[in-house]
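Remarks on the structure that follows.
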Amino acid sequence: MECLGVSSGQDLQALSALLSSQLEEEEDEDCYQNATGCAQLGPGHIGPPPKKAKEVSSAYIKTTSKDIWSEEEVVEGSQYDDLADPRPQPEYEIILKQNVGTQDLFLGLSRKDPSSMCCEAMLVKIKLPGTKATDVFLDTKEKFLDLRTPKYKLGLHLPHPIQSQEGKAQFFSDRQELEVTLLMKRPMDFINMQ
């Protein structure tokens, strides 16, 4: 006989399982919502939201100057580039030189080492087959070497600044090679060489 107010043990267990599964699902949903809410926030969300700046393309920035190019856009030595000139570029080699004495080799007194930081001169060897010494035009700037002959053209951007007024060029007819020795500008020599 069943009483209306009394339940059996099986009914209580079934009711407990039913309620616990619903509670666990609700707790899982709450945890998931809290986790996604927390994951969306970070240190950048503290304080007022940042103002969005208008992005302006540099191509559309109007300048007040009437210059076509800015100084940053023009490469040093580009005035010597002639794209319509069909003459080939000769083979060349850049060698860094330093004056080394016995006190440097055996005693190590002058703090010189084999690095390029201790070099005083730059030797540029340019092979010019079929060229006479009288046909060579050579011009040097602080960071650019311009060489022109009837057969060849060389516009060379130098790796280090040089003293353009001091230097030596020598043409060897037997090897058909021009050697240009350029003294380098070393602004920190008073520190490095003492």
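Rounded to the nearest Hz, the phi-derived 3J(HN,Hα) couplings of the stretch 11-17 under the Karplus curve 6.51 cos²θ - 1.76 cosθ + 1.60 (θ = phi - 60°) are 5, 5, 5, 5, 5, 5, 5, where x marks glycine and proline. Taking all protein chains together and rolling a 1.4 Å probe, Ile46 ends up with roughly 140 Å² accessible.
Distances between placed amide hydrogens fall under 5 Å for Leu96 paired with Leu123, all partners being 5 or more residues away or on another chain.
The 3J(HN,Hα) values that the Karplus relation (6.51, -1.76, 1.60; θ = phi - 60°) gives for the stretch 128-144 are, in residue order, 10, x, x, 10, 9, 5, 6, 8, 8, 10, 10, 9, 10, 10, 4, 10, 8 Hz. Gly and Pro appear as x.
The values are calculated or read from the model by the stated rules, or taken from the named source; none is laboratory data. Note that the structure is a prediction, hence the values are computed from the model and not measured. Calculation scope for accessible area: heavy atoms of the full protein, side chains included, ligands and nucleic acids excluded. Shrake-Rupley method; radii C 1.70, N 1.55, O 1.52, S 1.80 Å.
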